[in-house]
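Visitor: Just dropping this structure here.
Read-outs: derived from the displayed coordinates by stated rules, not from any lab. As the structure is a computational prediction, the values presented were derived from the model and not from experiment. All Cβ positions, even for glycine, are placed from backbone atoms using ideal geometry, and neighbour counts span all protein chains on display.
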Amino acid sequence: MNYQRMLTVMRTDLKQLAQSKDFWVPMSLLGGLFFIVIPAILLSVINSIGNIGSVQQVSQALQLLPQSAQDAVPQAAAAGTKVSYVLAVYLLAPIAVIVPLTISTAVGSSSIVGERERGTGEFLAHSPAGVKEIYLGKLIASLIPGYLTTIVGFGLYSIMVNLIVGPDAGGWFFPTPSWWLLILWVLPPFLLIALSMVLRLSARVKSTAAAQQAAGLITFPLILIAYAQSTGALFGGAAVPLSILMGAVAWAIGIGLLISGMRSLTRARLLGVANEA
Amino acid sequence: MTPLQPASSSETMAQPGSATSPLPPDGPFGSSATSPSDQGRSGDAPAEVEAPNGLVVEMRDVSKSFGRVPALSNLTILVPDGRITVLLGPNGAGKTTAIRVITGALTPDRGHVRTFGFDPDRFGEDVRRRCGVVSAKPALYDRLSGWDNLQYSAELYGLGRNATAPIREAAGRFGILEALDQQVGGYSTGMKTRLALSRAVLHNPDLLLFDEPTSGLDPESSHAVLDLIREMTDEGRTVVMCTHLLVEAEGLADQIIVLENGTDLIHGTQQNLTRQYWPHDIVRLDAEDPNELDQIEGMDGVISIRREDDHTEVQLDDLARVPDLVAALTAAGVRLTRVDPHNPSLEDLYFAIRRERRAPDAGPGLGAFPEVTR
């Protein structure tokens, strides 16, 4: 395994993405929409309308949350602030899952089949680069855009939440420890799982369109699982230990899929002449 | 230097010169020698050694199928060092698959393959590092600049990230240096081919494999590309070129291998093959009344005649007989409109070979040139 060549494949794939406005403009819009625009509107509205009846009702509904989650909400704050706090800390967790999975699977699904469609698979197949180096280079290149968007979006989201909700909630409170774990420990293995499966698909299917459709079928349930797990970890009574355990299990599955996925790429598949029968 | 591994035991090795091999045991240009892989050394990677037998590529009785579709069928290709070998054949003849097997990009189902004396399936990385490939589609990254395309190749082939000098040299050689900053998506077909050629020679390979390198090029650009290929063998590189364009191979090939349905029909130099199919000199004649040319039969030195649509082809034992032949015909009142001593072109040869293969019982030359008289 030549790590230098793996990094070369990764760098070149990322360079191509950077050259593609048709990729990074929608990607930035998606991240901006989920991390900034929608939360900012929701939090600003709820925070500014105060203790009207509907907000009071939502505030009472917060009692349905686990006790540990209720304990974290500033008790002395107004009903609107409580709702904003819960929304910011707990209910917007899916954005941290949906955005990177959507972006990374979009990149990954066309990664290998795209080489074949453009004819550049021929160049790679005749090059000294090993198929594992190519596979890993492409996997990392698919992972980075989604994860980077999440990290940047998460940073901006944190600032925005603290600016809008923080003054009424007793100061800057976000990110919470559970969120740090979600972003740094739980999310990456879920991305790894998704990408291992998507790249395996990309190596096998005949066209980018087919890869993207199949990737959607794979990632949708994965998004649901990741969402359920992440919110569960955030809400749960023992949120931090649960997140650590869940992340560890996800890492184990992800690494297993990564290793088996590396075998799915062959030079014949780069050339588009593999015997699939 | 790391020692060598013995040849893979799983492969079916045809015995050189056996009934299944159409080629002599020593290959067309060299003498027999022990291949590095037969020398009993062991290790994980091959050392850089000269190819055995003077052969850079040695494929014997190689077969490869995709599902139920056979792509190669007992194909034998021997490529001598420092020469241009042209694989000639129609679309689907197996030319591209042969190139892929040579670099180890594809593993054959059976047969014996050695590139630089090594099994490319086992020592693929080392073999591919010494090969430069230009595929039928230029296989370039359209969203990257020309420079980035070359830089990518430089890094994959181990030239490192600071490969400015070789990139400039390769691009300059093919006249694409000024366009390296542009995105390849904006290149013309000719520019793309030049960039692909630059990329193929960037790492200074010993073996260049060109798959239809002039595909889509205008005649002027094609000519320039062929000149560049010729130049590369002048530097001692070995070239394997696939084409279905006979005019490209004409005059360029040191060795021609005609492929059809994944198998080699025939191989040799154009001169030798021509002599095999047309052992005698040829003159093409025509007259105001072509029927009067029948009286050539039986004249001194005439070996055979064949009537074509617009001329009569005459095989002579010596071209020096043409003046006597013309004089005799003129004396007999035949008004000649054409006297054309003919050197069979590669196109003539190619179609003669294919005609013969469709009528295998005819034997060499007969299927191509049925004799009317003797």
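Visitor: Could I get the Rg over Rh figure for segment B:99-173? Both from C-alpha atoms, Rh via Kirkwood, rounded to two places.
Guide: Using Cα coordinates only, the ratio equals 1.04.
Visitor: How far apart, in nanometres, would the label points at A:Asp168 and A:Leu64 be if each is projected 7 angstrom from Cα along the Cα-to-Cβ direction?
Guide: 2.2 nm
Visitor: Given a Förster distance of 35 Å, report the FRET efficiency between B:Ala165 and B:Thr189 from their Cβ-Cβ distance, rounded to the nearest 0.05.
Guide: 0.80
Visitor: Evaluate the distance, in nm, between pseudo-label points positioned 7 Å from the Cα of B:Asp234 and of A:Ala209 along their respective Cα→Cβ axes.
Guide: Distance between the two pseudo-spin positions: 5.0 nm.
Visitor: Can you give me the angle between helix A:95-118 and the longest principal axis of chain A, using Cα atoms only, in degrees from 0 to 90, rounded to the nearest 10?
Guide: Orientation of helix A:95-118: about 10 degrees from the principal axis.
Visitor: Additional query: Among B:147-154, A:3-10, A:22-29, what's the highest-first ranking by average C-beta atoms within 10 angstrom per residue?
Guide: B:147-154, A:3-10, A:22-29
Visitor: Okay, next question. Treating cross-link reach as a plain straight distance, find the lysines whose alpha-carbon is under 28 Å from the alpha-carbon of A:Lys206, omitting any fewer than eight places away in the same chain.
Guide: A:Lys15, A:Lys21, A:Lys132, A:Lys138, B:Lys64, B:Lys95, B:Lys137, B:Lys192
Visitor: Please report B:Leu252, A:Leu270 as a ranked list, fewest other C-beta atoms within 10 angstrom at the top and most at the bottom.
Guide: The most exposed by this proxy come first: B:Leu252, A:Leu270.
Visitor: Okay, next question. Can you quote the Å³ per residue value for the convex hull of the Cα atoms in segment B:246-303, rounded to an integer?
Guide: 148 Å³
Visitor: If you count, for every residue in A:260-273, the Cβ atoms of partner chains within 10 Å of its Cβ, what is the mean?
Guide: Average per residue, whole number: 2.
Visitor: Find the centroid of the Cα atoms in segment B:214-238 and in segment B:53-71, then give the distance between the two in whole Å.
Guide: Going from one Cα centre to the other spans 26 Å.
Visitor: Using the eigenvalues of the Cα gyration tensor, what equivalent ellipsoid semi-axes result for segment A:57-153 when each is taken as the square root of five times the eigenvalue, whole Å, largest first?
Guide: Working through the eigenvalues yields semi-axes of 47, 11, 9 Å.
Visitor: Right, here's the next one. For segment B:287-359, go through all pairs of different Cα atoms, get the mean of 1/r, take its inverse, and jot down that Kirkwood value in Å.
Guide: 13.5 Å
Visitor: Taking neighbour counts of Cβ atoms within 10 Å as a proxy for exposure, in what order, fewest first, do B:Val86, B:Val134, B:Val201, A:Val58 appear?
Guide: Sorted ascending by nearby Cβ count, the order is A:Val58, B:Val201, B:Val86, B:Val134.
Visitor: Next question, about the same structure. Peptides B:73-79, B:124-130: what's the order by average Cβ count within 10 Å, highest mean first?
Guide: Per-residue mean Cβ counts within 10 Å order the peptides as B:73-79, B:124-130.
Visitor: With N set to the number of residues, divide the alpha-carbon radius of gyration of chain A by 2.2 N^0.38 Å and report two decimals.
Guide: Normalised Rg, Cα atoms only: 1.14.
Visitor: Further, regarding this structure: How would you rank B:Ser145, B:Ser188, going from fewest to most other Cβ atoms within 10 Å of each one's own Cβ?
Guide: Taking fewest neighbouring Cβ atoms as first place, the list is B:Ser188, B:Ser145.
Visitor: Give the share of C-alpha pairs in each 10 angstrom bin for segment B:55-197, from 0 to the last occupied bin, in whole percents, shortest bins first.
Guide: 11, 34, 31, 21, 3
Visitor: Averaged across B:141-149, how many Cβ atoms of other chains sit within 10 Å of each residue's Cβ atom?
Guide: Counting other chains' Cβ atoms within 10 Å and averaging over B:141-149 gives 4.
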